[in-house]
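A.B. asks: The structure's right below; bear with me while I get my questions together.
The values are calculated or read from the model by the stated rules, or taken from the named source; none is laboratory data. Keep in mind that what you see is a predicted model, and the values were worked out from it rather than measured. For neighbour counting, all protein chains shown are included, and Cβ atoms are generated from backbone atoms with ideal geometry for every residue, glycine included. Protein only, heavy atoms only, side chains kept; ligands, DNA and RNA dropped before computing areas. Shrake-Rupley method; radii C 1.70, N 1.55, O 1.52, S 1.80 Å.
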Amino acid sequence: MTLDQASVKPLAVDEAMVKQLAALAGVEIPAARLPEVIANLQRTAEVAAFVAEVRLDRMADELAPVWRP
């Protein structure tokens, strides 16, 4: 399966959403950088939707061991 074939729809990311998230996080995003931030968050949402679609088999897929120093 490729990213284009994923059936889980990614979150719609727009300028208003990015500005709200930035305000909540206390981050100032310069206007010139806003298109880049929106593009990166859109791509991240696409990848997250693709990963969310993967179904794990409880019997075949094992958890990774916990590392303790």
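A.B. asks: For the chain, what is the calculated [θ] at 222 nm in deg cm²/dmol (nearest 500), taking -39500 (n - 2.57) for each run of four or more DSSP H residues and dividing by its residue count? Show your work: numbers first, answer last.
C.D. replies: Details: 2 runs with 30 residues, N = 69.
So the helix-based figure for the chain works out to -14000 deg cm²/dmol.
A.B. asks: Turning to a different aspect of this structure: Report ³J(HN,Hα) in whole Hz for each residue of region 40-57, in order, from the Karplus equation J = 6.51 cos²θ - 1.76 cosθ + 1.60 where θ = phi - 60°; Gly and Pro get x.
C.D. replies: After applying 6.51 cos²θ - 1.76 cosθ + 1.60, I find 5, 5, 5, 5, 4, 5, 5, 5, 4, 5, 5, 5, 5, 7, 5, 9, 9, 8 Hz.
A.B. asks: Report the gain in length on full extension from A12 to T44: 0.36 nm times residue separation, minus Cα-Cα distance, nm rounded to one decimal.
C.D. replies: Working: separation 32, 0.36 × 32 = 11.52 nm, distance 1.09 nm.
Taking 0.36 nm per residue and subtracting the Cα distance, the gain is 10.4 nm.
A.B. asks: With a 1.4 Å probe and every protein chain kept in, tell me what percent of the accessible surface of the chain is carbon plus sulfur. Don't jump to the answer; show the numbers that get you there.
C.D. replies: Numbers: 3630 of 6140 Å².
Whole-percent figure for carbon plus sulfur exposure: 59.
A.B. asks: Springs between alpha-carbon pairs under 10 angstrom, Gaussian network model over the chain: which of E46, E28, E36 fluctuates most?
C.D. replies: Residue with maximal mean-square fluctuation among E46, E28, E36: E28.
A.B. asks: Please list, short to long, the whole-number percent of alpha-carbon pairs of the chain in consecutive 10 angstrom bins beginning at zero.
C.D. replies: 17, 32, 25, 22, 5
A.B. asks: To the nearest 10 degrees, how steep is helix 15-25 against the longest Cα principal axis of the chain, on a 0 to 90 scale?
C.D. replies: 80 degrees
A.B. asks: Suppose all protein chains stay in the model; what accessible area per residue would a 1.4 Å probe give for the chain, in Å²? Walk me through the numbers on the way to the answer.
C.D. replies: Details: 6140 Å² over 69 residues.
Computed with neighbouring chains in place, this is 89 Å² per residue.
A.B. asks: How far apart, in nanometres, would the label points at V27 and R58 be if each is projected 7 angstrom from Cα along the Cα-to-Cβ direction?
C.D. replies: 3.6 nm
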